[in-house]
Amino acid sequence: MDVEAIRQQIPATQKVVYMNTGWSGPPATRVVQAIERQLERECYEGPTTRHIWEERVEVGKQARQAIARFVGATPEEISLQANTTTGINIVVNGLEFNAGDEVITCNLEHASGLVPLYYLRERSGIVLCILEIDPQASAQAILKQFEDAMTPRTKLLVLSHISYSTGVRLPLKEINRLSHAHGARVLVDGAQTMGHIALDMHDQDADFYAFPGHKWLLGPDGVGGLFIRQDLIESVRPVDVGHWATKDYDFEGHFTPATDIIQKFEMSTTNGALWAGMTEAIAMQEETGQAQIEERTLELNSLAQRQLSEIPRVRIIGPLEGETTCGLLCFSIEGLPAPQVASDLWDKYGIVCRSVRETASTRLSLHYFNTEREVEQAAAAVRELATAGVASADPALADGFPRDV
């Protein structure tokens, strides 16, 4: 992998030490140019001028095909959505639940997965089981916890493939197999995986999997997708509906719903320029290769762990080694508030990262464009903060950023 050549394509890497891809990744110039080209075509020649509209339809088709290829699915199993949260809500609110049905999740989840479940509990009377998982537990220990928690009433598991607050990578293929043996389905929050690790929906026998384009994929904000296995599409009822959700209707009361197509979850007008950008982001990562990208993030994580672990008062929050690791690394400095640590890393050292409230930690997102030198810079900065302390804690900070961001 020619890391320097990749960095030359990503302008932000020439200006800052960018270690916040797990929030939103810096796009490459070619992604921005793809967005600009499509936007200019639509704006300057008219969005519904016939040849421009046909191009826009083709852009959406290409995006669906590119996403399907990238995640190991068919285009008929991919719904184009705005973000991960929308995909999660489509499944949680579209499946049928009865009072007493059990849904299992865990303490490693993002609010986008947990909050919809609390609303589901209020609305449908489900039993919500939240497992307490040790971020440094082995894959087998984690799998055993899920197995022990399942009962004949378990209907759904809602889990992050990679935890945003700890960096734990769950043994998802084994969890899917276990859940299916118990008659349950699995909804996956893939916010931290698309463009980060190699994905194959069919190989891992996935049921439902939601993902974004703007994080590790380095695409634009406002685009993402939802995978639903072909045979499960009909079991999820669309809550928000538009013209894609009907086969035909009239004004005399006749209506035939479209129940078996993935487009039933999609609304009307979307931004063609953003889908062009996401398709280009996928093309860029395909040129490098997902296996190579994943291998590099693990190498950077290992280097960062070694260097941070040598610093007094610094503690690694997430997994230390093995198959549960990834490019996310969370740490804390004894006695120092994590939001202020993240803020000082930017103010004093030009390192872009964030803190995580749930684990009171500072989080580094180490992606394939990061360098060993940047990891060393970050470790040196953390060492200085651990020795000298941080600026006075600012109560207005949230996740290392002003609270209203």
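The values are calculated or read from the model by the stated rules, or taken from the named source; none is laboratory data. Being a predicted model, the structure only gives us computed values, none of them experimental. Cβ atoms come from the backbone with ideal geometry, glycine included; neighbour counts cover every protein chain shown.
Among the residues of region 36-68, which ones are without any contact (Cβ under 8 Å) to a residue 60 or more places away in the chain and touching a Ser or Thr at 6+ places or on another chain (Cβ under 6 Å)?
Across region 36-68, the qualifying residue is only ALA68.
If you check GLY318, GLY277, GLY272, which single one turns out to be within 20 Å of the chain's Cα centre (by Cα) and within 30 Å of GLU54 (Cα to Cα)?
Being within 20 Å of the chain's Cα centre (by Cα) and within 30 Å of GLU54 (Cα to Cα) holds for just one of GLY318, GLY277, GLY272, which is GLY277.
Just to be sure before I move on: is GLU266 crowded, with 16+ Cβ neighbours inside 10 Å and under 21 Å from the mean Cα position of the chain (by Cα) in the structure I sent?
Yes, satisfied.
Picking from VAL3, VAL17, which residue would you name as being surrounded by fewer than 19 Cβ atoms within 10 Å (Cβ to Cβ) and either of a type in the set (Ser, Thr, Tyr) or closer than 29 Å to ALA342 by Cβ (or both)?
Exactly one of VAL3, VAL17 is surrounded by fewer than 19 Cβ atoms within 10 Å (Cβ to Cβ) and either of a type in the set (Ser, Thr, Tyr) or closer than 29 Å to ALA342 by Cβ (or both), namely VAL3.
Among (1) at pLDDT 95 or above; (2) surrounded by fewer than 24 Cβ atoms within 10 Å (Cβ to Cβ); (3) in contact with a strand residue (DSSP E or B) (Cβ under 8 Å, 6 or more places away or on another chain), there is one condition GLN292 misses while meeting the rest; what is its number?
(3)
Taking region 24-73 on its own, how many of its residues are hydrophobic (A, V, I, L, M, F, W, C), under 30 Å from ARG354 (Cβ atoms) and surrounded by fewer than 16 Cβ atoms within 10 Å (Cβ to Cβ)?
Going through region 24-73 one residue at a time, the tally reaches 1.
State the number of residues belonging to region 115-132 that are in contact with a helix residue (DSSP H, G or I) (Cβ under 7 Å, 6 or more places away or on another chain) and surrounded by fewer than 12 Cβ atoms within 10 Å (Cβ to Cβ).
Going through region 115-132 one residue at a time, the tally reaches 0.
Tell me which of these ALA99 doesn't satisfy, since it passes every other one: (1) hydrophobic (A, V, I, L, M, F, W, C); (2) surrounded by 14 or more Cβ atoms within 10 Å (Cβ to Cβ); (3) under 29 Å from ALA149 (Cβ atoms).
(2)
Does PHE331 satisfy being farther than 20 Å from ARG354 by Cβ and hydrophobic (A, V, I, L, M, F, W, C)?
For PHE331, the condition - farther than 20 Å from ARG354 by Cβ and hydrophobic (A, V, I, L, M, F, W, C) - is not met.
Looking at this structure, is ILE104 crowded, with 19+ Cβ neighbours inside 10 Å, touching a residue at least 12 places away in the same chain (Cβ under 8 Å) and assigned to a strand (DSSP E or B)?
Criteria met by ILE104.
Search region 170-192 for residues being of a type in the set (A, V, I, L, M) and within 18 Å of the chain's Cα centre (by Cα), and hand back the single one that is surrounded by the most Cβ atoms within 10 Å (Cβ to Cβ).
VAL188
Quick one: how many residues across region 6-29 are more than 17 Å from HIS214 (Cα to Cα) and either in contact with a Phe, Trp or Tyr (Cβ under 6 Å, 6 or more places away or on another chain) or not assigned by TED's automatic domain parsing to the domain that holds LYS348 (or both)?
2
Tell me the residue from ALA68, ALA34, ALA73, ALA63 that is modelled with pLDDT of 95 or more, in a loop (DSSP other than H, G, I, E, B) and either within 16 Å of ILE282 (Cβ to Cβ) or more than 21 Å from the chain's Cα centre (by Cα) (or both), please.
Result: ALA73 is the single residue among ALA68, ALA34, ALA73, ALA63 that is modelled with pLDDT of 95 or more, in a loop (DSSP other than H, G, I, E, B) and either within 16 Å of ILE282 (Cβ to Cβ) or more than 21 Å from the chain's Cα centre (by Cα) (or both).
May I ask you to say which residue of ILE233, ILE228, ILE261 is surrounded by 24 or more Cβ atoms within 10 Å (Cβ to Cβ) and farther than 25 Å from ALA28 by Cβ?
Of ILE233, ILE228, ILE261, the one residue that is surrounded by 24 or more Cβ atoms within 10 Å (Cβ to Cβ) and farther than 25 Å from ALA28 by Cβ is ILE228.
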